[in-house]
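A.B. asks: Pasting a structure here, questions to come.
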Amino acid sequence: MATLSGQGLSTPKPDRHSGDGRRAGAVSSAMGDDVSPVELLFDLVFVFALSQLSHHLLDHVTWIGVSETGTLLAAVFGIWSLTSFGASMPGVSRRAQVSVMFAVMTLGLFMNGGITNAFESDPWLFVGPFLTCHAGLALFYLSTATSQLMRRHAFSMIVWLAVIAALWAVGASASPELRLMWWAGAAVIDVIGAWSAHWLPGQPFRTAEVPFAPAHMIERSRLFLIIALGETILATGGAVATVPTTVATVGAAVLALLCTVALWALYFGGSDRLVTEHSSTTGDPLRAARLAINGQVVTAGGLIVLAVGLTLTIQRPLAASLPAHSMLIFGGPLLYLTAQLWYLRALTGHHSRPRLAAIGALVVACLGSVAFLTLPRMATLAISTGIMTTLGFQVVRADRHRAHPRRRLSA
């Protein structure tokens, strides 16, 4: 995972009416605020990645499988975020941005194709394209830097890359039993580097000093969320296509779809307006974009976990819900909500008590399901969907009330 700034940095926030604030708000990327067709094409490679990760977890529903999936997700998402930020930075020509996206898209196709056997017989099919993308993007940032601050940051990225590249290479050369240890370590260091803005002694990186238009990157973040939600739809449809049509399987599929719709509504029906309002007025636009991206990796992880749980439920809706299944069905939405709660709090200062209550309800429901092992899988999905649907209605209603506070009085 890689972005341009980190949590906990010194990020003074100039007033949006000051010179710095106007400078930050006036810039725009070569791509403009709208997402281009080239970027949509680029994203299709990562639709494939999420599908591959979902299938990997489905084939390895163990703690080791979860760790492997999380490690590969952090790596894949890092390439997506670095490339997407490159297409959003001001001062970089459109031709250069498009060229980089096509290069990463080509390498990414092989990288994501290598997910299946990354921890088995062919680790280099994943690691080779991954490290090539990472190194190429770091050099791209260095060669297109428009200020001394950005050049220093690109150099810091290269230093951090040298460390993680060594760990990825050692892991690829190690036995499959030891590979996860090396690669998980590399992924953790990569995430720390992203969140600390690839910190090096004596080289602080203050995001408020970087002119940046956040609208484009936030829109990219929205579309990535749609991609991740789409994986739950694909998982539901794929499971329906492989099982006999019975009342139980149809009911499980309907519950799965309702759960996905509720998760969609929690952002696009309740949070989107808050994010848009804040990003258009903030004095630190790069921080706003960074928060949007950093939260998405956890969100995507939660939706992959849920997609696997939905598949297993539709395949055997009346089978007993074992602990692993309960953790998938409740843990996926739990990760999704936790990431969203953190994101809204960090970006807008907005406290969402309904989301916090739903997180508590999911934890209690998961513990209860684990305790009562005879509960059918369809029942655990019904409970999870009920919690998310109730929360979705509350959040959408609250958002509409904030947007139109006098509607009830005039009715």
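The values are calculated or read from the model by the stated rules, or taken from the named source; none is laboratory data. Everything numeric in this text was worked out from a predicted model, so none of it was measured. No Cβ is skipped: glycine too gets one built from the backbone with ideal geometry, and neighbour counts run over all protein chains shown.
A.B. asks: Just one of the numbered conditions (1) assigned to a helix (DSSP H, G or I); (2) surrounded by fewer than 22 Cβ atoms within 10 Å (Cβ to Cβ) is not true of Ile293; which one?
C.D. replies: (2)
Per-residue answers, yes or no, for (1) exposed (fewer than 15 other Cβ atoms within 10 Å of the Cβ); (2) within 30 Å of Glu177 (Cβ to Cβ):
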position: Val104; (1), (2): no, no
position: Leu109; (1), (2): no, yes
position: Ala118; (1), (2): no, yes
position: Ser121; (1), (2): yes, yes
position: Val127; (1), (2): no, yes
position: Phe140; (1), (2): no, no
position: Ala145; (1), (2): no, no
position: Gln148; (1), (2): yes, no
position: His153; (1), (2): no, no
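A.B. asks: Quick one: count up the residues across segment 342-353 that are surrounded by fewer than 19 Cβ atoms within 10 Å (Cβ to Cβ) and either under 22 Å from the mean Cα position of the chain (by Cα) or not in a helix (DSSP H, G or I) (or both). Spell out how you get there, then give the answer.
C.D. replies: Taking segment 342-353 as the starting set, the residues that turn out to be surrounded by fewer than 19 Cβ atoms within 10 Å (Cβ to Cβ) are 342, 345-346, 348-351, 353.
Filter once more, keeping what is either under 22 Å from the mean Cα position of the chain (by Cα) or not in a helix (DSSP H, G or I) (or both): 342, 345-346, 348-351.
Residues in segment 342-353 being surrounded by fewer than 19 Cβ atoms within 10 Å (Cβ to Cβ) and either under 22 Å from the mean Cα position of the chain (by Cα) or not in a helix (DSSP H, G or I) (or both): 7 in total.
A.B. asks: Of the conditions (1) within 26 Å of Thr276 (Cβ to Cβ); (2) acidic (Asp, Glu); (3) over 16 Å from the mean Cα position of the chain (by Cα), Asp43 satisfies every one except a single condition; which number is it?
C.D. replies: Status for Asp43: all satisfied but (3).
A.B. asks: Out of all the residues in segment 47-63, which are in contact with a helix residue (DSSP H, G or I) (Cβ under 7 Å, 6 or more places away or on another chain) and not hydroxyl-bearing (Ser, Thr, Tyr)?
C.D. replies: We begin by selecting, within segment 47-63, every residue in contact with a helix residue (DSSP H, G or I) (Cβ under 7 Å, 6 or more places away or on another chain); these are 47-54, 56-58, 60-61.
Across segment 47-63, the qualifying residues are Val47, Phe48, Ala49, Leu50, Gln52, Leu53, His56, Leu57, Leu58, His60, Val61.
A.B. asks: Those residues that are assigned to a loop (DSSP other than H, G, I, E, B) and aliphatic (A, V, I, L, M), I need them from segment 112-144; list them, please.
C.D. replies: Ile115, Ala118
A.B. asks: Taking the residues in segment 59-79 that are part of a helix (DSSP H, G or I) and not hydrophobic (A, V, I, L, M, F, W, C) as candidates, determine which candidate is modelled with the lowest pLDDT. Lay out the reasoning, then the answer.
C.D. replies: Step one: filter segment 59-79 for residues part of a helix (DSSP H, G or I), giving 59, 63-79.
Narrowing the set further to residues that are not hydrophobic (A, V, I, L, M, F, W, C) leaves 59, 65, 67-71, 78.
Details: Asp59: 95, Gly65: 96, Ser67: 97, Glu68: 97, Thr69: 97, Gly70: 96, Thr71: 97, Gly78: 92.
So, considering only residues that are part of a helix (DSSP H, G or I) and not hydrophobic (A, V, I, L, M, F, W, C), the one modelled with the lowest pLDDT is Gly78.
A.B. asks: Separate question: So which of Ala184, Ala262 ends up being assigned to a helix (DSSP H, G or I) and closer than 25 Å to Leu82 by Cβ?
C.D. replies: Working: Ala262 fails: closer than 25 Å to Leu82 by Cβ.
Being assigned to a helix (DSSP H, G or I) and closer than 25 Å to Leu82 by Cβ holds for just one of Ala184, Ala262, which is Ala184.
A.B. asks: How do the pairs read when you match residues in segment 174-194 that are farther than 18 Å from Leu131 by Cβ with residues anywhere that are of a type in the set (Asp, Glu), using Cβ under 9 Å and keeping only pairs 6 or more apart or on different chains?
C.D. replies: Pro176/Glu120
A.B. asks: So which residues in segment 275-310 are touching a Gly at 6+ places or on another chain (Cβ under 7 Å), modelled with pLDDT of 80 or more and either not assigned by TED's automatic domain parsing to the domain that holds Thr260 or not hydrophobic (A, V, I, L, M, F, W, C) (or both)?
C.D. replies: Gly301, Gly302, Gly309
A.B. asks: Against the definition (modelled with pLDDT of 90 or more, in contact with a Gly (Cβ under 9 Å, 6 or more places away or on another chain) and closer than 24 Å to Phe48 by Cβ), how does Ala135 come out, yes or no?
C.D. replies: Answer is no for this residue.
A.B. asks: Being modelled with pLDDT under 95, among the hydrophobic types (A, V, I, L, M, F, W, C) and either outside any helix (DSSP H, G or I) or not assigned by TED's automatic domain parsing to the domain that holds Gly78 (or both): is that true of Leu356 here?
C.D. replies: yes
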